[in-house]
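A short write-up of the structure that comes next.
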Amino acid sequence: MAYSNSKTAIVILNWNGLRYLKEFLPSVVAHSVGCQVIVADNASTDGSVAFLQDHYPQVRIILLPENYGFCEGYNKALRQIEATYYVLLNSDVSVPAGWLEPITELMDADASIAVCQPKINSQQHPGYFEYAGAGGGLLDTLGYPFCRGRLFETLEEDKGQYNDVQEIFWATGACMFVRADVFHSLGGLEPAFFAHMEEIDFCWRAKNAGYKVMYNGHSQVYHVGGGTLHKSNPRKTYLNFRNGLALLYKNIPSKELLSSMMLRVVLDWIAALRMVLAGQTKDAQAVLHAHTDLLRHRHYWRNRRKAQQLKGNFPDMPGVYKGSIVWQYFIRQKRTVAGL
């Protein structure tokens with residue numbers, strides 16, 4: 001079958017997500033007329049490919065020979081797709097009619113926008129924001145990510161407070177619109193991250209290259225979340241802490257590097273201590289593993305840092321909170337972005 005080079009390519013990376021494809025792919029196909037809908041399969045063993053071949057012949061399948069994870073899986077798949085915009089869409093996302101146009105029209109009107117995300121609500125509780133993205137991603141000065149509508153585990157009710165268009169720091173990988181030429185010019189997603197925080201790293205690099213990252217609340221999708229690794233999984237704890245520290249080391253300007261890294265390490269160890277006191281010893285061990293692994297591969301990360309076009313005005317970038325979200329949330333008990 002020949003596939004047209006339409007302006008927008010919606011690319012779903014799949015690994016043993018048959019149940020999600022059955023539930024959510026129908027909405028994507030129905031509400032994405034005129035776009036390429038593509039499933040890049042990370043060597044699934046659950047019958048996903050056979051299901052697609054039998055029920056969705058109009059959906060292009062890219063077969064990857066092994067599970068490359070989120071980052072390299074997308075890197076390898078997107079090299080095979082021609083489009084103006086890629087939409088990196090999780091398999092556990094439901095989309096309504098009209099979800100595409102507000103964002104593609106915004107990006108059409110401003111060539112400096114490299115990345116954009118819609119509003120992300122919970123599939124299970126549609127009146128609330130969803131953890132991965134919510135009303136747009138922000139970052140504090142120590143590299144801790146949070147969202148409008150989500151601080152750590154606290155999710156806001158959606159009362160229309162983020163039905164706006166605003167420049168943010170990072171866009172969720174659950175539903176990320178990105179210019180194809182920018183994606184490739186920046187080298188795609190950081191392959192060593194495997195999964196978790198790769199979208200923040202990419203958006204930071206895009207900002208360093210002079211592009212904008214936007215949120216458009218006039219588009220809305222619904223996300224299950226937690227579909228790859230459960231939040232209590234020590235593997236996810238390892239990736240979050242390793243990637244969080246690597247994210248900061250890779251991208252923060254030199255004048256802020258030492259102080260930010262030292263304080264971040266201290267806070268990570270406080271978090272590990274809280275895990276021990278809560279009986280989560282495997283998660284605490286995952287924090288130790290994350291730090292030792294970063295040191296073990298310091299030459300790789302140093303080279304990745306040298307490859308960045310580091311900006312000297314990080315705290316002044318749109319979407320950066322000039323303070324500590326950890327302090328505000330755990331000490332001052334702030335639970336919403338509006339309350340910071």
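Coordinate-derived values only; no laboratory data. In this text, all values refer to a predicted model and were calculated from it rather than measured experimentally. Quick reminder, even Gly has a Cβ in these numbers, built from the backbone with ideal geometry, and neighbours come from all protein chains shown.
Each part reduced to its alpha carbon centroid, the stretch 284-340 and the stretch 8-36 end up 32 Å apart. Which percent, nearest 5, of DSSP beta bridges in the chain are antiparallel? Approximately 45 percent, going by the DSSP bridge assignments.
One chain, two ends: GLN280 and VAL33. Fully extended at 0.36 nm per residue, the span grows by 84.2 nm beyond their Cα-Cα distance.
How do HIS125, HIS289 rank when sorted from fewest to most other Cβ atoms within 10 Å of their own Cβ? Can you show the working numbers first?
Working: HIS125 13, HIS289 16.
Fewest-to-most Cβ neighbours within 10 Å comes out as HIS125, HIS289.
Would you mind checking the pairs LYS207/LYS255; LYS159/LYS207; LYS76/LYS236; LYS255/LYS322; LYS7/LYS76; LYS282/LYS322 and listing those with alpha carbons more than 27 angstrom apart? Write down the numbers at each step before the final one.
Details: LYS207/LYS255 18 Å; LYS159/LYS207 30 Å; LYS76/LYS236 23 Å; LYS255/LYS322 16 Å; LYS7/LYS76 20 Å; LYS282/LYS322 33 Å.
Result: LYS159/LYS207; LYS282/LYS322 exceed 27 Å.
Using C-alpha pairs below 8 Å separated by at least 6 residues, the relative contact order for the stretch 234-339 is 36 percent.
Applying the Karplus relation 6.51 cos²θ - 1.76 cosθ + 1.60 with θ = phi - 60° to the stretch 306-317 yields 3J(HN,Hα) values of 4, 7, 7, 8, 6, 9, x, 10, 3, x, 9, 5 Hz, where x marks Gly and Pro.
Mean sequence separation of contacting Cα pairs (under 8 Å, at least six apart), scaled by the length of the chain, corresponds to a relative contact order of 18 percent. A run of the chain free of exposed loop cleavage sites, with GluC sites (Glu not before Pro) counted only in DSSP states other than H, G, I, E and B and at most 14 other beta carbons within 10 Å, reaches its longest extent at 154-340.
Backbone geometry of the stretch 21-28 corresponds, through the Karplus equation with coefficients 6.51, -1.76 and 1.60 at θ = phi - 60°, to 3J(HN,Hα) couplings of 4, 4, 7, 10, 4, x, 5, 5 Hz, x marking Gly and Pro.
The smallest convex shape that holds all Cα atoms of the stretch 234-339, its convex hull, gives 116 Å³ per residue.
Computed from backbone phi with θ = phi - 60° and the Karplus coefficients 6.51, -1.76 and 1.60, the 3J(HN,Hα) list for the stretch 289-295 is 4, 4, 6, 5, 5, 5, 5 Hz; x is used for glycine and proline. When LYS250, LYS22 are sorted by how many other C-beta atoms sit within 10 angstrom of their C-beta, beginning with the fewest, the order is LYS22, LYS250. The LYS22 and LYS322 beta-carbon pair, evaluated with R₀ = 45 Å, returns a calculated FRET efficiency of approximately 0.50. Mean-square fluctuations from a GNM of the chain, with a 10 angstrom spring cutoff on Cα atoms, peak among ASP268, ASP110, ASP41 at ASP110.
For the chain, a Gaussian network of Cα nodes joined below 10 Å ranks ILE270, ILE113, ILE38 by mean-square fluctuation, and the top entry is ILE270.
Note on the chain: GNM, Cα springs under 10 Å; of LEU247, LEU106, LEU25, the largest mean-square fluctuation is that of LEU106.
Please find the FRET efficiency linking LEU288 to THR84, where r is the Cβ-Cβ separation and R0 is fixed at 45 Å, and quote it to the nearest 0.05. List each step's numbers first, then the result.
Details: r = 44 Å, r/R0 = 0.99.
The pair LEU288/THR84 has a calculated efficiency of 0.50.
Students often forget the sequence filter, so: which aspartates and glutamates lie under 18 Å Cα-Cα from LYS212 once same-chain residues fewer than 8 apart are removed? Filter leaves GLU105, ASP108, ASP110, ASP140, ASP164, GLU167, ASP181, GLU198, GLU199, ASP201, ASP316. Principal axis extents of the Cα atoms in the stretch 8-223, from largest to smallest and rounded to whole angstrom, are 45, 37, 33. In plain terms, the residue of TYR144, TYR74 with the fewest other Cβ atoms within 10 Å comes first and the most crowded comes last, giving TYR144, TYR74.
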